[in-house]
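Each remark here refers to the structure printed beneath this line.
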Amino acid sequence: CTSTSCVLQGAEKLLCHLKKKLGIDNHETTKDKKFSLEEAECLCACEGAPMMQVGDDYHLDLTEKKMDEILGT
């Protein structure tokens, strides 16, 4: 999420981590088609910033370590 709450809590750093980890940029999909990356302006979970959505699930209070665990990378 790129809303103010997420940005203030480090979303830009986490997005860079994902891009590097997955080897893709915004609006791209990994070669194995397992992951796609899309920035969203607001996912309405500001109380848990920074956050991301994977499928239908919201993941809150993210760190690089938490993201790696969620994605299994």
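Filter 19/65; 13/34; 21/66; 13/33 down to the pairs with a C-alpha to C-alpha distance above 19 Å, please. Intermediate results must be reported in sequence, preceding the final value.
Details: 19/65 15 Å; 13/34 22 Å; 21/66 13 Å; 13/33 24 Å.
From the list (19/65; 13/34; 21/66; 13/33), the Cα-Cα distance tops 19 Å for 13/34; 13/33.
Scanning the chain for trypsin sites (Lys or Arg not before Pro) that sit in a DSSP loop and have at most 12 other Cβ atoms within 10 Å, the longest stretch containing none of them is 35-73. Specify which residue in the list 8, 37, 23 is farthest towards the positive end of the charge dipole of the stretch 1-47, using unit charges on the beta carbon of Lys, Arg (+1) and Asp, Glu (-1), about the Cα centre. Result: 23.
Rounding to the nearest 20 debye, state how big the charge dipole of the chain is about its Cα centre with +1 on each Lys and Arg Cβ and -1 on each Asp and Glu Cβ. Could the numbers behind the result be given before it?
Numbers: 9 positive and 14 negative charges, 71 e Å.
Dipole magnitude for the chain comes out near 340 debye.
For semi-axes √(5λ) of the Cα gyration tensor in Å, the choices are (i) 26, 12, 9; (ii) 27, 17, 14; (iii) 19, 12, 12; which was calculated from the structure? Of the labelled values, this structure produces (iii).
Give, in nm to one decimal, the length gained when the segment between residue 26 and residue 56 is fully stretched (0.36 nm per residue of separation minus the Cα-Cα distance). Don't skip to the end; give the middle numbers.
Working: separation 30, 0.36 × 30 = 10.80 nm, distance 1.91 nm.
This chain segment gains 8.9 nm when fully extended.
Cβ distances below 4.7 Å define possible disulfide partners, and in the chain the cysteines left without one are 16, 42, 44, 46.
All of the numbers you see were taken from the coordinates with simple rules; none came from a lab. Quick caveat: nothing in here was measured; it's all calculated off a predicted structure. So basically every Cβ, Gly included, is an ideal-geometry build from the backbone, and we count neighbours across all protein chains shown.
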